[in-house]
Amino acid sequence: MSADIEKEMWTSKLRKGWQKNLPIEKLLPDTQPAYVASWIYLFGVATLAALGVIVASGLVLSFEGASWYHYSSVGHFVNSMHFWSVQFFFIFMVVHLWGKFWMAAWRGRRLLTWITGALAFVGSIATAFTGYLIQTNFDSQWISYEAKDGFNSVGIGSRFNVTNFGQMILLHVAFLPVIIGVITLIHVLLVRAKGVVPPIDAFNNELGERK
Amino acid sequence: MGIFHHFMNLKAVYIHWGWFQISITNLLVILFMLVLFGLALVLPFPGNKKGKDQK
Ligand code: HEM
């Protein structure tokens with residue numbers, strides 16, 4: 001009994017770990033190192049902003065339904081917002097990825113930041129793909145019938161059936177966005193916890209605080 | 001409904017170079033990303049006066 005009381009509870013472990021690695025000053029900072037004053041550091045948050053527009057316009061599409069966004073002009077507009085915010089999401093994400101690649105931003109124990117970014121990239125491709133499959137037009141019919149042979153040839157066609165509209169729409173509006181959301185949240189929290197990586201030449205002196 | 005609407009409904013135009021094939025649209029998107037990346041590196045960031053003073 002007494003041994004049980006001495007054992008630390010998971011709540012207190014979590015609290016201590018959180019306070020140590022991500023105190024509120026790190027979570028909501030009001031200053032950044034001088035080297036962050038460059039346009040290239042804006043592409044992460046630009047990607048995040050585009051994701052916000054994707055989710056908001058996607059919610060409107062879901063509530064209004066296919067007959068609305070295929071036939072009414074406001075529906076076309078919101079449908080286009082959804083499509084174009086996805087285009088810009090990917091454009092910003094790729095520039096962000098290039099920037100972080102050439103900064104070697106995985107230095108200083110930031111590997112998990114890089115990995116969660118890469119997972120967000122792969123997951124976003126899957127989400128965009130299922131989005132193309134549920135347009136309910138001839139485009140989506142064409143894409144699914146071309147894609148099914150590919151998935152069947154690698155043996156996953158029975159689990160992931162691209163011609164199954166019900167499966168694809170649920171993956172697109174429920175499962176995959178949640179996965180992207182959780183990965184993105186972890187990604188951004190990791191950036192906050194570790195701080196922005198110093199430039200390569202500043203590595204030795206600035207990274208004295210390397211943890 | 002305007003040039004843009006017309007353009008969006010055209011069949012994709014592809015260019016070939018030996019085994020290499022790409023649609024003009026995809027090529028434009030890639031070039032746009034490269035230009036954006038280049039500009040982000042060279043354009044001065046507004047309000048970066050402190051950084052200049054320190055140098
Ligand atoms: C859903 C897509 C993504 C979102 C919303 C996102 C968001 C962000 C944000 C807001 C930052 C901090 C600000 C900045 O430096 O830009 C950041 C940093 C970072 N991102 Fe992403 N990102 C995404 C995808 C990616 C991808 C695809 C990669 C690379 C594979 C990546 C790698 C990184 C790295 C390594 C950092 C840390 C930089 C540092 O510690 O200095 N991210 N991301």
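The values are calculated or read from the model by the stated rules, or taken from the named source; none is laboratory data. Every value quoted in this text rests on a predicted model; they were computed, and no experiment measured them. Because the Cβ atoms are built from the backbone with ideal geometry, glycine has one as well, and the counts that use them run over all protein chains shown. Keep in mind that these areas ignore ligands, DNA and RNA; they rest on the heavy atoms of the full protein, side chains included. Shrake-Rupley method; radii C 1.70, N 1.55, O 1.52, S 1.80 Å.
Does the range A:10-32 contain any residue that is touching a His at 6+ places or on another chain (Cβ under 8 Å) and among the hydroxyl-bearing types (Ser, Thr, Tyr)?
Initially, the range A:10-32 is screened for residues touching a His at 6+ places or on another chain (Cβ under 8 Å), giving none.
Scanning the range A:10-32 turns up no residue that is touching a His at 6+ places or on another chain (Cβ under 8 Å) and among the hydroxyl-bearing types (Ser, Thr, Tyr).
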Going by the structure shown, is residue A:61 away from the ligand (no atom under 15 Å from the Cβ) and open to solvent by less than 80 Å² (accessible area, probe 1.4 Å)? yes
Does residue A:91 qualify as being assigned to a helix (DSSP H, G or I) and modelled with pLDDT of 95 or more? yes
Could you grab the pairs with beta carbons closer than 9 Å, sequence gap of 6+ or different chains, first residue in the range A:92-113 and away from chain B (no Cβ under 14 Å) and among the small types (Gly, Ala, Ser), second one open to solvent by 60 Å² or more (accessible area, probe 1.4 Å) and near the ligand (Cβ under 7 Å from one of its atoms)? A:105/A:114; A:108/A:194
Given the criteria within 16 Å of the ligand (Cβ to nearest atom) and farther than 22 Å from residue A:178 by Cβ, does residue A:36 qualify? yes
Output for the range A:86-115, where each listed residue is surrounded by fewer than 20 Cβ atoms within 10 Å (Cβ to Cβ), closer than 30 Å to residue A:59 by Cα and more than 10 Å from the ligand (Cβ to nearest atom): A:87, A:88, A:91
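Only one residue in A:177, A:199 is under 30 Å from residue A:143 (Cα atoms), open to solvent by less than 70 Å² (accessible area, probe 1.4 Å), in contact (Cβ under 8 Å) with a residue 60 or more places away in the chain and within 16 Å of the ligand (Cβ to nearest atom). Which one?
Answer to the check: A:177.
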State all residues of the range A:39-48 that are open to solvent by 70 Å² or more (accessible area, probe 1.4 Å) and either in contact (Cβ under 8 Å) with a residue 24 or more places away in the chain or more than 9 Å from the ligand (Cβ to nearest atom) (or both); if no residue qualifies, say none. A:39, A:48
Answer from A:191, A:162 - the residue that is free of Cβ contacts under 8 Å to residues at least 60 places away in the same chain and of a type outside the set (Asp, Glu): A:162
Residues of the range B:16-39 being of a type in the set (A, V, I, L, M), assigned to a strand (DSSP E or B) and open to solvent by 70 Å² or more (accessible area, probe 1.4 Å), in sequence order, are none
Testing residue A:122 on (1) within 8 Å of the ligand (Cβ to nearest atom); (2) of a type outside the set (D, E, K, R); (3) open to solvent by 40 Å² or more (accessible area, probe 1.4 Å); (4) in the same structural domain as residue A:191 (by TED's automatic domain parsing), one condition comes back false. Which one is that? (1)
Just need a number here: residues in the range A:133-146 that are buried (at least 17 other Cβ atoms within 10 Å of the Cβ) and in a helix (DSSP H, G or I). 3
Of the residues that make up the range A:127-135, is at least one within 11 Å of the ligand (Cβ to nearest atom) and modelled with pLDDT of 95 or more? yes
Taking residue A:150 and the conditions (1) assigned by TED's automatic domain parsing to the domain that holds residue A:76; (2) surrounded by fewer than 17 Cβ atoms within 10 Å (Cβ to Cβ), which numbered condition does it fall short on, given that it satisfies the others? (1)
